[in-house]
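J.: Quick one: this structure, given as structure tokens, is what I'll be asking you about.
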Amino acid sequence: MQMKVLRVLAAVAAPLAFVLTAVTGRAAEAPPAETPAASTVEETTYPSLDLLGFADAGYSATDADSAASSSGFFQGQFVLHFTSQLSSRIAFFGEVSVTSGGSAYGDHGEAQSTGANADLHRSILKYTHSDNLKLSIGRFHTPIGYWNVAFHHGPWLQTSIARPRALDFANPFLPLHFIGAFAEGAIPSKGANLGYLVGIGNGRGGGPGRPDAPADINDHRAWVGRLSAKPDWVRGLQVGGSWYEDKVQTYYGPTRAEFREGIGAVYAALTREKPELIAEYLRVRHRRIGREDRFVSRAWYVQAAWRVSSKVKPYARWEDVRLDAGDHLMPGAANGRGWLAGVRLDASDFVALKGEYQRREKDAGSFRNAVLGQASFTF
């Protein structure tokens, strides 16, 4: 029995000793490893600030009946975007604009005020947990519909000179800015590429017609939700919808009236250059609390463009805004139908020259014509 055990041990030990000898021999023969060189990869430092700017200027002529000149040069927006990475998961974004009088916000060719206005449009602190969850707080462009999210201040970003009338900064159909907090992210959906966004914040400001809210006028917060899809099977397509809800107020003489405000939007955008198609429908409903008063206003637009060469891109847009005449919560909002057509010439990767003809309804059955030229650029 002892002999068998010794034979087994000898059988195992012999090859094991051979392997150990070979390994140790090779290790002894191998030259010493070189000391690794110092890493050439730079470590990320925080904060890291990037600055991007936009500006524009141009000329307009109109047949509008105005005490001011019907033609002249205009100075548009001077816009700065600040992006700062504060950590691997936390970032800041800010947007500031300076405008000369009202020229960048109102209809070009109309009487413009003098002086300069500086505005903080966006100031956002964002935490990224994952692609499925991002949290942010600050001042935003209200995520209603498509245009107000896709195109920010700085007309170089958009194909046309003018924004849709329903989204005009001077005569807002919607609350265009929002102070609050958001959660957003991707929804696992394979090729549909669904995305969600939900937020809560201040409603309309000191006046019901104001587009932003430095402070809420009541203890009822506004909320907004948005769902979008970017399907893989149609390149460049984005479709979606949003809903905005708030409690707002206005006055009928000395009497205060409170309303439930609901704003719905649906959109489809094909962001190819051949073609570019954007369509959006907006509906604003105000229902008086404690009464049966109900007011509904609607707006829509369709914009089409086609890049015929690397430099030239003609475009056209049809739009209509229909305000409920009895709605006191929509003072001064743009109203009426119209269309425009123009050409964008990309003189370089950073400079766009645009020419645009506008025909817009000013009063019932009365139209205003205008011709505009603009140079816009980013730096």
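The values are calculated or read from the model by the stated rules, or taken from the named source; none is laboratory data. This one's a predicted model, so the numbers in the text were calculated from it and none came from an experiment. So basically every Cβ, Gly included, is an ideal-geometry build from the backbone, and we count neighbours across all protein chains shown.
Residues are listed down the side, and each one gets a yes or a no for (1) more than 22 Å from Ala170 (Cβ to Cβ); (2) aromatic (Phe, Trp, Tyr); (3) at pLDDT below 55; (4) surrounded by fewer than 16 Cβ atoms within 10 Å (Cβ to Cβ):
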position: Leu80; (1), (2), (3), (4): no, no, no, no
position: Ser87; (1), (2), (3), (4): yes, no, no, yes
position: Ala91; (1), (2), (3), (4): yes, no, no, no
position: Glu95; (1), (2), (3), (4): no, no, no, no
position: Gly102; (1), (2), (3), (4): no, no, yes, no
position: Tyr105; (1), (2), (3), (4): no, yes, yes, no
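J.: Give the residue, chosen from Arg260, Arg307, Arg294, Arg285, that is farther than 15 Å from Leu329 by Cβ and touching a strand residue (DSSP E or B) at 6+ places or on another chain (Cβ under 6 Å).
T.: Arg307
J.: OK, next. Checking Ala268 against (1) closer than 22 Å to Arg235 by Cβ; (2) without any contact (Cβ under 8 Å) to a residue 12 or more places away in the chain, only one condition comes out false. Which one?
T.: The number of the failed condition is (2).
Quick grid of which residues meet (1) more than 27 Å from Glu261 (Cβ to Cβ); (2) touching a helix residue (DSSP H, G or I) at 6+ places or on another chain (Cβ under 7 Å); (3) among the hydrophobic types (A, V, I, L, M, F, W, C):
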| residue | (1), (2), (3) |
| --- | --- |
| Glu319 | no, yes, no |
| Arg322 | no, no, no |
| His328 | no, no, no |
| Phe350 | yes, no, yes |
| Lys354 | yes, no, no |
| Arg368 | yes, no, no |
| Gly373 | yes, no, no |
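J.: Considering the range 168-194 alone, what residues qualify as being in contact (Cβ under 8 Å) with a residue 40 or more places away in the chain, touching a Ser or Thr at 6+ places or on another chain (Cβ under 9 Å) and not hydrophobic (A, V, I, L, M, F, W, C)?
T.: Pro175, His177, Glu184, Gly185, listed by residue number.
J.: For Ser297, are the conditions met, namely being touching a residue at least 12 places away in the same chain (Cβ under 8 Å) and among the hydroxyl-bearing types (Ser, Thr, Tyr)?
T.: The answer is yes for Ser297.
J.: Of all residues in the range 51-100, which are of a type in the set (D, E, K, R) and over 23 Å from Glu356 (Cβ atoms)?
T.: Arg89, Glu95
J.: What residue, among those in the range 76-102 that are of a type in the set (Val, Ile, Thr) and free of Cβ contacts under 8 Å to residues at least 40 places away in the same chain, is farthest from Glu43 (Cα to Cα)?
T.: Thr99
J.: If Arg322 passes every condition in (1) within 30 Å of Arg287 (Cα to Cα); (2) buried (at least 19 other Cβ atoms within 10 Å of the Cβ); (3) touching a Ser or Thr at 6+ places or on another chain (Cβ under 9 Å) but one, which one does it miss?
T.: Every condition holds for Arg322 apart from (2).
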